[in-house]
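Colleague: Please see the structure below; I have some questions.
The values are calculated or read from the model by the stated rules, or taken from the named source; none is laboratory data. Everything numeric in this text was worked out from a predicted model, so none of it was measured. With ideal geometry, Cβ positions are generated from the backbone for all residues, glycine too; neighbour counts draw on all protein chains shown. The protein model used for the area step is the full one, side chains on, heavy atoms only, and it has no ligands, DNA or RNA in it. Shrake-Rupley method; radii C 1.70, N 1.55, O 1.52, S 1.80 Å.
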Amino acid sequence: MAYAGEAPKPGFRPGMLIYDTRYRSLTIQLIVLVLFAFGVSWLINNVIVNLAAKDRTFDYGFLWNRAGYDINQTLIPYTNDSTHGRALFVGLVNTLVVAALGCFLATILGVIIGVLRLSKNWLIGRLMTVYVEVFRNIPLLLWILLSFVILTETTPSPRDFRVTDEMVAAGQAPAARMFLNDSVAITNRGMNVPAPLFERSLGTAGIGEFQISLNFLAIFAVIGASAIVNRRMVRRARAIQEDTGVRPVTWWKSLLLLFVPVIALLLALGFHLEYPRMTRFNFSGGIEVLHSFTALLVALVLYTAAFIAEIVRAGIQAISRGQTEAAFALGLRPGRTMSLIILPQALRVIIPPLISQYLNLTKNTSLAIAVSYMDLRGTLGGVTLNQTGKELECMLLMMLIYLTISLIISSVMNIYNASVRLKER
């Protein structure tokens, strides 16, 4: 008796790379990869040839040369005798400060507006709708310029705060007054606020050319440790509540943990404030926050909050209405229902598009050049580029820095998104 065996497998033929679906996708990918490699090699060779034709080299030695220009607002020590690398770092810090504050404030404002857009109050809902439509449909650059013009044209000049002997004798008050018990002054140049000082300073720690204040480092460490301990205490109280049904009183313990350690450290360091005082022509002492920084921050926050509000609204509406009805049936008030039931579930929908808004806000800080705020674009991509003539090097380095910042933001937010997403069993 004869048995039919398995059919012999056909051998490989070159034509299968095109006509066989098992190999066709690999063939296409290989062709695209080869073409991409040829394109990159041609581009690099073209750059090398053109640089050689102009008798120029590709290097970053200019970063160690003297910068020779001033920066109007710095958070770290800098003079015009510092290097271009130092100026780059100053611009990077200025960019990160605006981006961090912008993301934080825009998130708070966006959540509030997004929730209010769903309010049953007709007037509040329509006002929030007008806000969203107005701010997101006008270019951000115009909002930055408008904010800057308002701050510079509607505020008094420093001389309006001056008090002369003749004015004192006549009992005449100055044209402008300071705010908050004469501690804050807003002029057409900027805002002067008190500066923190320490009588018993811990000094600074040097990392290369950069100096880090040990005072602020110790304060941040104490605040972080207090927050961690308080979080563990709250988790323990929640666990006790789940086991026994009775939640321990923790509010006064949280207040002690969060405020007593940092207050004790500030007292030990001799913390006090240096208030701005009017001199002959301008204010001295304190910290001067330029209107270029304020205008950029305000415009970024108001503009980005409009988009975040729509994201929050969509996330809330994605949650089944039955969740709200069940919470009301248990006796929860609307505010508690939103904070305890709806928003935690809506985060799974809100976080992914929120990452894009954080990235957009960070990259939009490069528009600071419009109001002369010296961020990364203004230092490395502005004055340094013009002085050194290293256009290619400056642009590539600036692109790499923005790419690194964006990837870090995406990674951190993706980790948080993984922690709030629905856990499957």
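Each row is one residue, and each column tells you yes or no for (1) modelled with pLDDT of 90 or more; (2) under 29 Å from residue 106 (Cβ atoms); (3) in contact with a Phe, Trp or Tyr (Cβ under 7 Å, 6 or more places away or on another chain).
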{"position": "224", "(1), (2), (3)": "yes, yes, no"}
{"position": "229", "(1), (2), (3)": "yes, no, no"}
{"position": "241", "(1), (2), (3)": "no, no, no"}
{"position": "247", "(1), (2), (3)": "no, no, no"}
{"position": "259", "(1), (2), (3)": "yes, yes, no"}
{"position": "266", "(1), (2), (3)": "yes, no, no"}
{"position": "272", "(1), (2), (3)": "no, no, no"}
{"position": "279", "(1), (2), (3)": "no, no, no"}
{"position": "307", "(1), (2), (3)": "yes, yes, no"}
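Colleague: Determine the pairs where a residue that is in contact (Cβ under 8 Å) with a residue 60 or more places away in the chain, located within region 257-275, has a partner that is open to solvent by less than 70 Å² (accessible area, probe 1.4 Å) and in a helix (DSSP H, G or I) with Cβ atoms under 8 Å apart, the partner being 6 or more residues away or on another chain.
Modeller: Sorted first by the residue in region 257-275, then by its partner, the pairs are 269/215; 269/218.
Colleague: Which residues, taken from region 228-255, are open to solvent by less than 100 Å² (accessible area, probe 1.4 Å), among the basic types (Lys, Arg) and in a helix (DSSP H, G or I)?
Modeller: 253
This table checks each residue for (1) outside any helix (DSSP H, G or I); (2) open to solvent by 20 Å² or more (accessible area, probe 1.4 Å); (3) modelled with pLDDT of 85 or more.
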residue	(1), (2), (3)
336	no, yes, no
339	no, yes, no
354	no, no, yes
357	no, yes, yes
363	no, yes, yes
368	no, no, yes
373	yes, no, yes
381	no, no, yes
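Colleague: Still on this structure, I have one more. Let me confirm something: among 141, 123, which residue is of a type in the set (A, V, I, L, M) and open to solvent by 80 Å² or more (accessible area, probe 1.4 Å)?
Modeller: After applying the criteria, what remains is 123.
Colleague: Also, I was wondering about something else. If we scan region 75-84, do we find a residue that is part of a helix (DSSP H, G or I) and more than 21 Å from the chain's Cα centre (by Cα)?
Modeller: Taking every residue of region 75-84 in turn, at least one turns out to be part of a helix (DSSP H, G or I) and more than 21 Å from the chain's Cα centre (by Cα).
Colleague: So if I check each of 195, 169, 225, 185, which one is open to solvent by less than 70 Å² (accessible area, probe 1.4 Å), free of Cβ contacts under 8 Å to residues at least 60 places away in the same chain and not β-branched (Val, Ile, Thr)? Walk me through how you get there before you give the answer.
Modeller: Working: 195 fails: free of Cβ contacts under 8 Å to residues at least 60 places away in the same chain; 169 fails: open to solvent by less than 70 Å² (accessible area, probe 1.4 Å); 185 fails: free of Cβ contacts under 8 Å to residues at least 60 places away in the same chain.
Just a single option satisfies the conditions, and that option is 225.
Colleague: Follow-up. Could we say that residue 347 is of a type outside the set (Ser, Thr, Tyr), surrounded by 20 or more Cβ atoms within 10 Å (Cβ to Cβ) and part of a helix (DSSP H, G or I) here?
Modeller: Considered against the rule, which asks whether it is of a type outside the set (Ser, Thr, Tyr), surrounded by 20 or more Cβ atoms within 10 Å (Cβ to Cβ) and part of a helix (DSSP H, G or I), residue 347 comes out as no.
Colleague: Here's something else I'd like to know. Scan region 206-220 and give yes if some residue there is touching an Asp or Glu at 6+ places or on another chain (Cβ under 8 Å), over 24 Å from residue 79 (Cα atoms) and open to solvent by less than 50 Å² (accessible area, probe 1.4 Å), otherwise no.
Modeller: Within region 206-220, not a single residue is touching an Asp or Glu at 6+ places or on another chain (Cβ under 8 Å), over 24 Å from residue 79 (Cα atoms) and open to solvent by less than 50 Å² (accessible area, probe 1.4 Å).
Colleague: Continuing with this model, one more query. With open to solvent by 40 Å² or more (accessible area, probe 1.4 Å), free of Cβ contacts under 8 Å to residues at least 24 places away in the same chain and β-branched (Val, Ile, Thr) as the only criterion, which of 93, 47, 130 stands out?
Modeller: 130
Colleague: Next question, about the same structure. Quickly run through region 270-301 and pick out the residues that are open to solvent by 50 Å² or more (accessible area, probe 1.4 Å) and not in a strand (DSSP E or B).
Modeller: Hits for region 270-301 are 275, 279, 280, 281, 298.
Colleague: Quick one: would you say residue 135 is touching a residue at least 24 places away in the same chain (Cβ under 8 Å) and either open to solvent by less than 40 Å² (accessible area, probe 1.4 Å) or under 30 Å from residue 376 (Cβ atoms) (or both)?
Modeller: yes
Colleague: Test each condition in (1) under 30 Å from residue 59 (Cα atoms); (2) open to solvent by 50 Å² or more (accessible area, probe 1.4 Å); (3) at pLDDT below 90 for residue 390 and report the one that comes out false.
Modeller: If we test residue 390 against (1) under 30 Å from residue 59 (Cα atoms); (2) open to solvent by 50 Å² or more (accessible area, probe 1.4 Å); (3) at pLDDT below 90, just (2) comes out false.
Colleague: Only residues that are among the aliphatic types (A, V, I, L, M) and over 37 Å from the mean Cα position of the chain (by Cα): list them for region 52-71, please.
Modeller: Result: 52, 53.
Colleague: Which condition number in (1) assigned to a loop (DSSP other than H, G, I, E, B); (2) of a type in the set (A, V, I, L, M); (3) open to solvent by 70 Å² or more (accessible area, probe 1.4 Å) is the one that residue 118 fails?
Modeller: Of everything listed in (1) assigned to a loop (DSSP other than H, G, I, E, B); (2) of a type in the set (A, V, I, L, M); (3) open to solvent by 70 Å² or more (accessible area, probe 1.4 Å), residue 118 misses just condition (3).
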